[in-house]
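The values are calculated or read from the model by the stated rules, or taken from the named source; none is laboratory data. What you see is a predicted model, and the numbers here were worked out from it, not measured in a lab. Glycine gets a Cβ as well: all are built from the backbone with ideal geometry, and neighbour counts include every protein chain shown.
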C-alpha cells in the first residue's frame, strides 16, 4: 500500500520538472521579444522628434542659415532636446550637405579639359556643415576629409577636380543641372531603447530630408 501511494507524488514531481524546463525554453524566446517590443515603443516617439529636427534643419539650411555658427547650432540642439546631442558632440549628429551636378560647361567655365575635370558628370559636395558629434555616424553620401573643405564654413575647395567630393548612393537625389543645388540633411541619434541583435533590432534613430 505504501508503495502504491508514493507513485502519484513522483509523477507530480516529474511534471513540475517538465513544466520548469518548458517555461525556461519559452522565456528564452519571449524575453527578447518583449524587450524588443518595449524598446520599439520607447523609440517610436523619439523617431518623430528626429524627423522634425531634420525637416526644420533642412528648411533653415535651404534658406542659407549658416550652421557653422555656434548660435545657429544651438537652435538644432534645442530642437533635439532630450536626445543627448550638443553643438559639437553628444549622442547624435545632424549632417547638412549642399550638392550640385558638374556638367561639361562647368568644366569649360573653370578652364579645365575633360581629363582635368575629374568630377564631370558626377554629383559633388559643395558645402558640408555638421551639428553634434561628427564621429557618431557618417553621411550616406560623402565623407570628405577636412583638407577638402574650407573650415569652419565647410565650403568645398575644388568641386571640379577633387574626387573625394563625389557623392555615392545618388539614386534618390533630384536631377540637377549646372548651377542648381539640392540640400540634404541627415540626422542620426542614439535611441532610448535597447538593441536586440538576435532580432535585428538596433538602437539608432535616423531620418533624412532633401530640399
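Please go through segment 157-169 and give me each residue that is part of a loop (DSSP other than H, G, I, E, B) and surrounded by fewer than 14 Cβ atoms within 10 Å (Cβ to Cβ), ordered by number. Break it down into steps so the answer makes sense when it comes.
From segment 157-169, those part of a loop (DSSP other than H, G, I, E, B) are 157-162, 167-169; that's our starting set.
Matches in segment 157-169: 157, 168, 169.
Quick check on my filter: what residues within segment 73-101 are without any contact (Cβ under 8 Å) to a residue 60 or more places away in the chain and surrounded by 13 or more Cβ atoms within 10 Å (Cβ to Cβ)? Reasoning before the result, please.
Taking segment 73-101 and keeping what is without any contact (Cβ under 8 Å) to a residue 60 or more places away in the chain, we get 73-79, 81-82, 86-90.
Answer for segment 73-101, where residues must be without any contact (Cβ under 8 Å) to a residue 60 or more places away in the chain and surrounded by 13 or more Cβ atoms within 10 Å (Cβ to Cβ): 73, 74, 75, 76, 77, 79, 86, 87, 88, 89, 90.
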Scanning segment 177-205 for residues that are out of contact with any helix residue (DSSP H, G or I) (no Cβ under 6 Å at 6 or more places or on another chain) and modelled with pLDDT of 95 or more gives 180, 181, 182, 184, 186, 188
Of the residues in segment 165-176, those that are farther than 23 Å from residue 149 by Cα and in contact with a strand residue (DSSP E or B) (Cβ under 9 Å, 6 or more places away or on another chain) come to 172, 174, 175
Here the residues within segment 59-104 that are part of a strand (DSSP E or B), in contact with a helix residue (DSSP H, G or I) (Cβ under 9 Å, 6 or more places away or on another chain) and more than 20 Å from residue 124 (Cα to Cα) are 85, 90, 92
Quick count over segment 121-145, residues being at negative phi, in a loop (DSSP other than H, G, I, E, B) and surrounded by fewer than 21 Cβ atoms within 10 Å (Cβ to Cβ), is 11
Here the residues within segment 105-120 that are crowded, with 19+ Cβ neighbours inside 10 Å and in a helix (DSSP H, G or I) are 106, 107
With criteria (1) at pLDDT 95 or above; (2) under 14 Å from the mean Cα position of the chain (by Cα); (3) farther than 16 Å from residue 154 by Cα, residue 46 comes up short on (1)
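For segment 146-156, does any single residue satisfy the condition of being loosely packed, with under 14 Cβ neighbours inside 10 Å and within 21 Å of residue 63 (Cβ to Cβ)? Steps first, answer last, please.
Filtering segment 146-156 down to residues loosely packed, with under 14 Cβ neighbours inside 10 Å leaves 146-147, 150-153.
Subsequent filtering for residues that are within 21 Å of residue 63 (Cβ to Cβ) retains 152-153.
The answer is yes, given that some residue of segment 146-156 is loosely packed, with under 14 Cβ neighbours inside 10 Å and within 21 Å of residue 63 (Cβ to Cβ).
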**Study point:** residue 48 out of contact with any helix residue (DSSP H, G or I) (no Cβ under 7 Å at 6 or more places or on another chain), in a helix (DSSP H, G or I), surrounded by fewer than 21 Cβ atoms within 10 Å (Cβ to Cβ) and without any contact (Cβ under 8 Å) to a residue 12 or more places away in the chain
**Key:** yes
